[in-house]
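Beneath this line is the structure, given in structure tokens, with notes to follow.
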Amino acid sequence: MEEGNAEITPVDKEVLSTWLANNHEEYAEFKELCHALATETDITKISKTFDVDMESLINLLTVFMCLQEENMTINELYTEAIAENDGFLYALCCYLYFDNGQEQAFKSIEIRKDVLRRFGMLEMVESIVEQKEVEEKEELSTIEKDLNLLTLRRWHYDHPQKYAEFIDSVDRAGDGDMTFATKGFNSLMDILSLGGVKDMMALISCFVPGTDGYTKSMVSSENLSFHDKLGSILDSSLNNEATRQKILSNNPHFNSTLYWLAFDNGFSNAVEIISKNLLSDGNLGFIKTLGIEAIQSLVYASFEKAGYTKGQWKNIEKGPTKKIVASALMDLKGRRGRRDTCLLLEEMICPEYRDQIIMEMDKIIAEDKQFNDTDSIFAYIFAALDKCQLLNDKYSYRSYHNALREKFPQYVIKMGFDHAEALYHALTNRKDYNISITGKQIKQAEKHVRDIVVRFRMLMSPDIIQ
């Protein structure tokens with residue numbers, strides 16, 4: 001099959017119909033073979049009757065299994081068929097597309113599991129499916145990360161004055177007023193468990209000459225770096241329900257700090273503050289060492305937690321700080337980082353009509369959810385927003401879907417968005433969409449979109465429906 005990142009060509013009904021008309025005898029024989037696989041118990045007899053070797057039959061059954069486990073699609077089969085001009089694959093696509101062949105295909109698997117097991121095919125497909133499940137879990141965790149960042153954006157959107165006060169304290173820190181740092185330390189101590197506080201103090205004491213921690217660190221054979229130890233402490237201390245509840249509570253300084261780091265270039269700004277206050281010539285050696293370790297930890301964390309890119313560190317001023325950052329980046333070679341796209345619904349819609357449109361969206365979703373359990377309504381609304389030119393820019397369906405989940409948690413919007421996304425593409429680009437979306441569904445969707453467009457346009461111009 002094609003590689004996972006290759007371009008997949010949607011099935012073209014006209015192309016398949018033409019192939020079928022020119023190869024009807026070949027297709028009739030293939031169809032009889034598939035029927036025999038679903039009814040005849042003796043697979044050896046099928047092999048002799050249709051003059052097909054056992055390996056080809058096993059391969060066909062394996063394809064059926066991959067289709068059943070949704071690890072392969074008809075679009076992928078069609079893509080390979082046209083690329084290789086393969087008559088067998090053309091016949092298989094016609095069987096699945098025109099003759100609803102999946103039901104017969106899946107039936108043939110159930111009566112031949114012993115054969116597939118004998119050839120090791122069951123284990124192979126199970127392994128493929130297991131890998132797909134791992135990838136899906138990683139995708140879901142990425143969505144959850146986006147939603148967590150969106151929650152942070154929501155806090156910032158709703159508390160501009162609190163964030164302005166925080167930024168003022170950051171600016172003063174650049175002039176030596178460390179109220180910003182002490183507030184942050186106190187906030188972190190309040191959130192961490194007692195064990196986490198002790199571990200943090202013990203870690204810092206490793207850099208202070210004369211303490212037990214410093215003495216132990218001098219003779220220790222442990223090779224873990226400062227940022228590894230700090231990460232371990234934070235992971236273990238923050239991973240409990242009580243701590244999560246503290247984080248979720250409205251803590252202006254803590255929430256401001258997180259937003260600053262994730263969205264406002266806070267990591268590199270924090271490095272400059274540490275450089276001015278801890279790395280100056282008049283400071284003691286252990287304070288400078290602590291500053292160096294803190295800078296390196298911020299660089300590592302910026303890649304792991306906030307999706308920074310290496311280019312965002314280029315503005316660091318020359319001198320020892322630049323060398324420390326460059327050294328940390330060398331250790332991070334190959335890890336480029338990526339800034340996540342996190343948009344609130346308010347940020348996607350034109351400001352002139354923002355409040356009225358969002359209120360109307362709320363009503364539309366509430367009305368639909370009384371009767372339907374699908375997420376199709378979200379595709380209709382997105383298509384209507386686009387049609388009415390109410391969006392600030394072009395946005396992916398995924399960004400919009402996540403923004404909806406963040407804005408309207410009361411509707412328990414599903415995490416997955418494949419069907420709604422495919423439906424949206426079918427509405428906006430009729431030549432490029434998943435074939436599982438039927439013509440009947442598109443016509444029905446278009447009617448819903450027209451109704452929503454009318455509602456939006458009445459809000460935009462109450463006296464005239466454009």
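The values are calculated or read from the model by the stated rules, or taken from the named source; none is laboratory data. Note that the structure is a prediction, hence the values are computed from the model and not measured. Virtual Cβ from ideal backbone geometry, glycine too; neighbours counted across all protein chains shown. Remember, those area values only see protein heavy atoms, side chains included, never the ligands or the DNA or RNA. Shrake-Rupley method; radii C 1.70, N 1.55, O 1.52, S 1.80 Å.
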Where does each of Cys66, Cys206 land when they are ordered by accessible area, with a 1.4 Å probe and the largest first? Cys206, Cys66
Scoring only Lys, Arg, Asp and Glu (+1, +1, -1, -1) among other residues with Cβ under 13 Å from the Cβ of Thr179 yields -3
With N set to the number of residues, divide the alpha-carbon radius of gyration of the stretch 343-389 by 2.2 N^0.38 Å and report two decimals. 1.17
Would you kindly derive the ³J(HN,Hα) couplings of the stretch 158-173 from the backbone phi angles with the Karplus curve 6.51 cos²θ - 1.76 cosθ + 1.60 (θ = phi - 60°), listing them in order in whole Hz, with x for Gly and Pro? 8, 10, x, 5, 4, 5, 4, 5, 5, 4, 4, 5, 5, 4, 5, 5
Exposure of Leu284 as accessible area (Å², to 10), given a probe of 1.4 Å and all protein chains: 100
Going 7 Å from the Cα of Phe98 along its beta-carbon direction, which residues of the stretch 31-46 have the amide nitrogen within less than 12 Å of the resulting point? 31
Please list the radius of gyration and Dmax for the stretch 6-52, considering alpha-carbon atoms only, with Å as the unit. 14.6, 39
Listed here are the pairs Lys13/Lys443; Lys229/Lys276; Lys229/Lys288; Lys363/Lys414; which of them are more than 21 Å apart at the Cα? Lys229/Lys276
What is the gain in length, in nm to one decimal, between Leu344 and Lys310 on full extension, counting 0.36 nm per residue of separation less the C-alpha to C-alpha distance? 9.6 nm
Just read off the accessible area of Thr179 with the full protein assembly in place, 1.4 Å probe, to the nearest 10 Å². 60
Inter-label distance for Phe371 and Gln441, nm, one decimal - labels placed 7 Å from Cα along Cα-to-Cβ: 1.9
Once the Cα gyration tensor of the stretch 365-418 is found, what semi-axes does its equivalent ellipsoid get, as square roots of 5 times the eigenvalues, in whole Å, sorted largest first? 19, 13, 10
Those chymotrypsin sites (Phe, Trp or Tyr not before Pro) from the stretch 345-419 that are DSSP loop and have at most 16 other Cβ neighbours within 10 Å turn out to be Phe371
Which FRET efficiency value, to the nearest 0.05, is calculated for Lys13 and Asn85 with the Förster distance at 30 angstrom and r the Cβ-Cβ distance? 0.95
Ile358-Leu459 pseudo-label distance in nm [points 7 Å out on the Cα-to-Cβ vector]: 1.1
